[in-house]
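Reviewing the structure listed below.
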Amino acid sequence: MVKLDLHSHTTASDGLLAPAALVCLAHEIGLTTLAITDHDTTAGLAEAQASAAPLDLEVIPGVEFGCELPQGEIHLLGYLFDPAHPALVAKLAWLREGRRERGRLMVEKLGALGVPVAWERVQALAAGGSVGRPHVAQALVESGAVTDTAEAFDRYLAWGGPAYVPRRRLDPAEAIGLLWDAGGVAVLAHPGRIPDLAVLLPRWVAAGLVGLECYYGEYDPPTVDRLVALAQRYDLVPTGGSDYHARPLKDHAPLGGSPVVPPDTVDRLRTARVKLET
């Protein structure tokens, strides 16, 4: 029986499980296909694929980009690309450097607010991976300034908060093109709360978007049905995944626990790529 989860994170970005540990968990729960979609990095891919090699489990290349919109931010998932593609490697490095600088500036802002957090501790929590706000939030918890990471975001790190710093993002069309040039495909991540989604989708479809993440996290059936209808309207592949981080997050699900992802999803993504090429 084919069982997929096409949205997950490891310690290479802001997940709590190392790539090999995530693969072991995926195998234990009966997944047959897993995409590791860490933020702005593919650093966990080689370890995950090596760990999956002796198992009946396929790990496909994945990544998650943050993209800029006038009304906020969207995320794009990339799949099936060449992780060694030079332009992709260079852009990911630029984005990760931006994340490190952002983390350092957030620590500076916290210090100015009288909430001292050590930048060295934030880096240690990231463990060489892509630095994110969850690492700063965990350092805040450890310092005793907040009781948990939810309070860290609510009081300091959420958009508009006193220690918030924007990060480097790509234009959606740029991210779609970057993935396309690397041999991959782009899918719009967790789109359920994007304002004016039906209005915005045509421009991204024109840029080469091939999929819409319809079976996401803990989406309820009406939300899934609404998104699947949009995918059908714009000839997009309905994809899905849990957005698993190994820690409790709003709207996320346990690994493999999102609404059931159709078993032919990866094949349909490959077919969509070939269709656009011709």
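The values are calculated or read from the model by the stated rules, or taken from the named source; none is laboratory data. Note that the coordinates shown come from a computational prediction; the quantities given were computed from them, not determined experimentally. Here Cβ is always computed from backbone atoms with ideal geometry, including for glycine, and neighbour counts include all displayed protein chains. With ligands, DNA and RNA removed, areas are computed over all heavy atoms of the protein, side chains included. Shrake-Rupley method; radii C 1.70, N 1.55, O 1.52, S 1.80 Å.
Rounded to the nearest 20, the Cβ-based charge dipole of the chain about its Cα centre (Lys and Arg +1, Asp and Glu -1) stands at 540 debye.
The modelled label-to-label distance between ALA158 and ALA206, using points 7 Å beyond Cα along the C-beta direction, is 3.6 nm. Counted by Cβ distance under 12 Å from VAL146, the other residues give a net charge of -3, where Lys and Arg count +1 and Asp and Glu count -1.
Indicate, rounded to the nearest 5 percent, the antiparallel portion of the DSSP beta bridges found entirely in the chain. The answer is about 45 percent antiparallel. The packing ranking, built from the mean of other Cβ atoms within 10 Å per residue, places the peptides 23-36, 159-172 in the order 23-36, 159-172, highest first. The residue among THR223, ALA198, GLY184 whose Cα reaches farthest toward the positive pole of the charge dipole of the chain, with charges on the beta-carbon of Lys, Arg, Asp and Glu, is ALA198. Could you check how much of the accessible area of the stretch 53-122 is carbon and sulfur, as a whole percent, using a 1.4 Å probe? Reported share for carbon and sulfur atoms: 58 percent. Structural descriptor for the chain: relative contact order 20 percent, calculated from alpha carbon pairs under 8 angstrom and at least 6 residues apart. Only the Cβ atoms of Lys and Arg (+1) and of Asp and Glu (-1) were treated as charged; on that basis the dipole of the stretch 197-277 about its Cα centre amounts to roughly 240 debye. Note on the stretch 13-154: antiparallel DSSP beta bridges, both residues inside, total approximately 60 percent of the bridges counted. So what is the relative contact order of the stretch 169-212, in percent, for Cα pairs below 8 Å that sit 6 or more residues apart? Once divided by the residue count of the stretch 169-212, the mean separation gives 51 percent.
The stretch between ASP196 and ALA87, if pulled fully straight at 0.36 nm per residue, gains 36.1 nm over its current Cα-Cα span.
Relative contact order of the stretch 133-229: 18 percent, from C-alpha pairs under 8 Å at least 6 residues apart in sequence. At an R0 of 22 angstrom, the distance between the Cβ atoms of THR278 and ASP181 translates into a FRET efficiency of 0.80.
For the peptides 99-108, 222-231, residues were scored by their other Cβ atoms within 10 Å and the scores averaged per peptide; the highest-first order is 99-108, 222-231.
Taking 14 Å as the straight-line reach from the Cα of LYS275, the aspartates and glutamates in range (excluding those fewer than 8 positions away in the same chain) are ASP235, ASP267. Candidates ALA12, PHE65, LEU45 compared by Cα position along the dipole of the stretch 1-93: farthest toward the positive end lies LEU45, with charges placed on Cβ. To test your reading of the geometry: what angle, between 0 and 90 degrees and rounded to tens, separates the Cα axis of helix 19-28 from the longest principal axis of the chain? Helix 19-28 sits at roughly 50 degrees to that axis.
Here each label is just a point 7 Å from Cα along the line to Cβ, and for ARG270 and GLU108 those points are 4.8 nm apart.
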